[in-house]
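Have a look at the structure below, then the notes.
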Number of protein chains: 2
Amino acid sequence: MSTPNITSVNCESCPIRHRAVCARCNADELVELDAIKYYRTYEAGQTVIWSGDLMGFVGSVVSGVATLTQTMEDGRTQMVGLLLPSDFVGRPGRDGAAYNVVATTDVVMCCFRKKPFEELMERTPHVAQRLLEMTLDELDAAREWMLVLGRKTAREKIASLLSIIVRRDASLASNGIGKNIVFDLPLTREAMADYLGLTLETVSRQMSALKRDDVIKLEGKRHITVPNMERLLSEAGDDGDGGFIG
Amino acid sequence: MSTPNITSVNCESCPIRHRAVCARCNADELVELDAIKYYRTYEAGQTVIWSGDLMGFVGSVVSGVATLTQTMEDGRTQMVGLLLPSDFVGRPGRDGAAYNVVATTDVVMCCFRKKPFEELMERTPHVAQRLLEMTLDELDAAREWMLVLGRKTAREKIASLLSIIVRRDASLASNGIGKNIVFDLPLTREAMADYLGLTLETVSRQMSALKRDDVIKLEGKRHITVPNMERLLSEAGDDGDGGFIG
DNA sequence: CGTCCCAATTGATCTGGGTCAAGGTTAGTC
DNA sequence: GACTAACCTTGACCCAGATCAATTGGGACG
């Protein structure tokens, strides 16, 4: 499909503009979408939106990694979503943000102003359908994650998280079976702990244990090699079908 | 709004037929929906659908309680959804069931054959929009539950579950602040444990502790009185805004 | 080339909830 | 009205992971 009016090559990974729309849109709809589209960048550590704040846009991650977190009054925090490129943020039909959204690396977002986006959605059924598909995928991912949080051991949790990151990292998709998989963790130990319902000390210990047992290789703190993906998956406790996306 | 063609008074709580459709449907659409609608009943304990099986329908719970569960090879199980009346089951656009669906009480479901339902959805945008809204609500609930699973103590988990059941039970909606809230638990201790990522012994101990501390009254094993809802909510760790629906 | 800072590691100890085991309750059923 | 089978409660003990406390490593910057 052709992609007219693209202002950034990175926008290839924007699901609304390209996965949802281009495949089924007519030219008028594309022009209309481009009219309400804009890009924003956030630095690593910057909060994109605070829980409860008014959220005037919806959009998707073009590059970088962001997280959705919930916090209790006493400071306990749980990550409830991991936003990788192509993931959608925001909630058509509701104004307040339900979670904190934080950039954990530098992030580029492709945003649509909410009001006109909602109006477009009313008129173009395939956009609502595409959003429904994406939301159902997210729901599956959240439910998969409930199993991880509720029933897995610390070691299994870490292995699950690493599997998920490998699975989602587009640059790793080309890796054949049996080949080394190499990637950089986009999360600190503390963020990993918040995702998994652990403490950062336990994350660190289990990372060391997986390294000691040759399930992974660690260079520096973030650079990881997985010599045997099957091994990692079996450490995660899900044999075969693997974990979903956060 | 008027409700023509209703074949059962229970179907009042069916969200597709009534919440999604009636409010915005024209007469033709209603007739078409009724043409592909049918009712099924399941006994307590019966499995509605096994994970991985072909699922030829979508639908919603009219009465009773069902659960969505995931199981690991070694038998560890995690409940990932609690289906109360009006909740939707099934996944338009995907054929395999992703979870086990089990009736925990006698259940009446209002079902739509999947293929014609999907075709209807293509033609009538407001049905897809309504499904999107419901799915986003479920996603919020799942994420709320991730906080419970990942960061709350056993006592807080139990209090959270009780809060959610109170919140969802339509018959309790009329209870004013300060009044006793009385209800029957629709779940066994084991099902509660599977929802909360605990063992049934821990559930039992914490129920006893909440009873001892006068947060709840227990008659028999299932009949519960909450003398002070604020107290229960604060035991759940969510002050004010409370938990969502599973 | 030091030194400052923050992320990560590692160790020692503690504890909430798991595990294993022994009753107790209640609702059917004959 | 005793028998059975679920379901639930309670107790004793144990261990995975939390907590508290140093220490290490590595990149940025003067």
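Show me the ranking of peptides B:144-150, A:227-233 by mean Cβ neighbours inside 10 Å, starting with the highest.
B:144-150, A:227-233
Using the Karplus curve 6.51 cos²θ - 1.76 cosθ + 1.60 with θ = phi - 60°, work out ³J(HN,Hα) for each residue of region A:72-82 in order, rounded to whole Hz, and write x for Gly and Pro.
Calculated HN-Hα couplings, in order: 8, 4, 7, x, 4, 10, 10, 6, 10, x, 10 Hz.
Post the alpha-carbon centroid distance, region B:46-106 to region A:73-139, in whole angstrom.
Cα centroid to Cα centroid, the span is 26 Å.
Collect residues whose amide H, placed 1.01 Å from N in the peptide plane, falls under 5 Å from the amide H of B:GLY81; neighbours closer than 5 in sequence don't count.
Long-range HN contacts for B:GLY81: B:LEU68.
Which trypsin sites (Lys or Arg not before Pro) in region A:105-194 pass both tests, a DSSP loop state and at most 13 other beta-carbon atoms within 10 Å?
Filter output for region A:105-194: A:LYS179.
Work out from phi, with θ = phi - 60° and the Karplus expression 6.51 cos²θ - 1.76 cosθ + 1.60, the ³J(HN,Hα) of each residue of region A:50-62, listed in order in whole Hz, and give x for Gly and Pro.
Residue by residue, region A:50-62 yields 8, 3, x, 5, 5, 10, x, 9, 10, x, 9, 7, 8 Hz.
Could you state how much accessible area is buried at the A-B interface, both sides summed, with a 1.4 Å probe, in Å² to the nearest 100?
Answer for the A-B pair: about 4300 Å² buried.
Please list, by residue number, everything in region B:94-113 whose backbone N is under 19 Å from a paramagnetic label point 7 Å out along Cα→Cβ of B:GLN46.
Under 19 Å, as judged by backbone N against the label point of B:GLN46, lie B:100-113 of region B:94-113.
Got a sec to turn the phi values of region A:197-205 into Karplus ³J(HN,Hα) couplings, 6.51 cos²θ - 1.76 cosθ + 1.60 with θ = phi - 60°, whole Hz, x for Gly and Pro?
Per-residue couplings from phi come out as x, 10, 9, 5, 5, 5, 4, 4, 4 Hz.
Report in % the part of the accessible area of region A:24-174 that belongs to carbon and sulfur, leaving out ligands and nucleic acids; probe 1.4 Å.
That fraction is 51 percent.
Would you mind getting the Kirkwood hydrodynamic radius of region A:152-236 from its Cα pairs, rounded to one decimal in Å?
12.8
The values are calculated or read from the model by the stated rules, or taken from the named source; none is laboratory data. The shown structure was predicted, so the numbers you read here are calculated from the model rather than taken from an experiment. In this analysis, Cβ positions are derived from the backbone assuming ideal geometry, glycine residues included, and neighbour counts consider all displayed protein chains. Heavy atoms of the whole protein, side chains included, go into the accessibility calculation; ligands, DNA and RNA do not. Shrake-Rupley method; radii C 1.70, N 1.55, O 1.52, S 1.80 Å.
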